[in-house]
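Here it is, the structure, as structure tokens.
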Amino acid sequence: MTETATQKTLVIPQLIVGLGNPEPKYERTRHNIGFDAVDALSRSWQISLAENRKFQGLYGEGLAVQGNKIRLLKPLTYMNRSGQAIQAVTNWYKLSPESVLVIYDDMDLPLGKTRLRLSGSAGGHNGMKSTISHLSTQNFPRLRIGIGRPKNAAVEEKDTVSHVLGKFSMAETQLVSDILQFVVECVELCLKQGVEKAMNRCNSLTIAIPESCESR
């Protein structure tokens with residue numbers, strides 16, 4: 001394969017979207033960790049986010065690592081209509097689905113694990129169902145952040161909803177801070193080397209609760 005052909009296969013994000021719900025009552029909940037990830041990127045790259053009605057979300061653009069032009073989006077449409085906001089940005093800037101990196105919570109992964117993929121199904125996540133529907137494809141990269149399942153294996157659906165919309169414990173909050181730092185590292189690797197190469201690093205590490213917090 002020629003160098004030119006290799007360059008064409010690199011998937012480099014141009015738009016990074018964090019999924020979540022607006023309103024203060026949803027802040028710092030497990031379901032909003034995608035929002036928290038975009039906030040962490042915003043701070044790291046000093047890209048301010050402001051409400052953009054055309055894009056139906058909080059939006060900002062600027063330069064990330066290696067001078068890459070990047071766009072950040074937190075849809076304000078509520079989770080199950082996230083795709084509307086994403087489609088508004090991709091249509092306006094004529095971005096391909098492959099250039100959109102979506103970050104969101106995943107109950108099937110334990111807290112401390114992340115999974116970076118080039119494509120895939122919604123896996124029951126309403127925000128991803130909407131995104132796939134509006135982009136008309138599953139072929140866009142996504143970074144899933146584990147939030148774990150309720151400890152009781154026989155939980156009812158209402159308990160699952162309470163878990164997803166619940167806030168992290170004190171010990172978990174410290175862990176989430178470390179996870180978000182790692183997410184920034186993963187996204188920067190995607191920008192430097194492409195999503196496929198970044199997958200090796202982002203899918204291999206498990207971040208554990210610091211020992212000093214475990215007894216609390």
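What's the exposure ranking of F55, F182, going from fewest to most Cβ atoms within 10 Å? Each step should come with its number before you reach the end.
Values: F55 23, F182 18.
Placing the least packed residue first, the sequence is F182, F55.
Given H placed on each backbone N at 1.01 Å, which residues far from G112 in sequence or on other chains put an amide H within less than 5 Å of it?
Under 5 Å from the amide H of G112: G146.
While we're looking at this one, here's another question. Give the Rg/Rh ratio for the range 71-143, taking Rg as the radius of gyration of the Cα atoms and Rh as the Kirkwood radius, to two decimals.
When Rh is taken as the Kirkwood radius, the ratio is 0.94.
What number comes out for the charge environment of R28, summing +1 per Lys or Arg and -1 per Asp or Glu over other residues with Cβ under 15 Å away?
Residues close to R28 contribute a combined charge of -2.
Using 0.36 nm per residue of separation minus the Cα-Cα distance, give me the extension gain between T137 and L205 in nm, one decimal.
Taking T137 through L205 to full extension adds about 21.6 nm, to one decimal.
Still on this model: What does the convex hull of the Cα atoms come to per residue for the chain, in Å³?
Convex hull of Cα atoms, per residue: 131 Å³.
Taking 7 Å along the Cα-to-C-beta vector as the label spot, tell me the T160-N80 distance in nanometres, rounded to one decimal.
Label at T160, label at N80, 1.4 nm between them.
Along Cα→Cβ, 7 Å out, is where each label goes; now give me the distance between the ones at E23 and T173 in nm to one decimal.
2.2
Mind listing which trypsin sites (Lys or Arg not before Pro) in the range 1-87 are in a DSSP loop and have 14 or fewer other Cβ atoms within 10 Å?
Sparse-neighbourhood loop trypsin sites (Lys or Arg not before Pro): R28, R53, K54.
Over 28 Å between Cα atoms, which of K129/K151; K167/K197; K25/K69; K25/K151 qualify?
Numbers: K129/K151 26 Å; K167/K197 33 Å; K25/K69 33 Å; K25/K151 23 Å.
Violating the 28 Å limit, Cα to Cα: K167/K197; K25/K69.
Going through the range 82-177, which GluC sites (Glu not before Pro) have at most 16 other Cβ atoms within 10 Å and a DSSP loop state? Walk me through the intermediate numbers first.
Working: sites: E98, E156, E157, E172; in loops: E156.
For GluC sites (Glu not before Pro) across the range 82-177 that sit outside H, G, I, E and B with at most 16 neighbouring Cβ atoms in 10 Å, the list reads E156.
Which residues in the range 174-197 have a backbone N closer than 14 Å to a point placed 7 Å from the Cα of L118 along the Cα-to-Cβ line?
In the range 174-197, the label zone of L118 (backbone N under 14 Å from the point 7 Å along Cα→Cβ) covers 194-197.
None of the figures in this text is laboratory data; all of them are computed from the coordinates on show. From a predicted model like this one, the values you see are computed outputs, not experimental measurements. Glycine also receives a Cβ, built like all others from the backbone with ideal geometry; neighbour counts cover every protein chain displayed.
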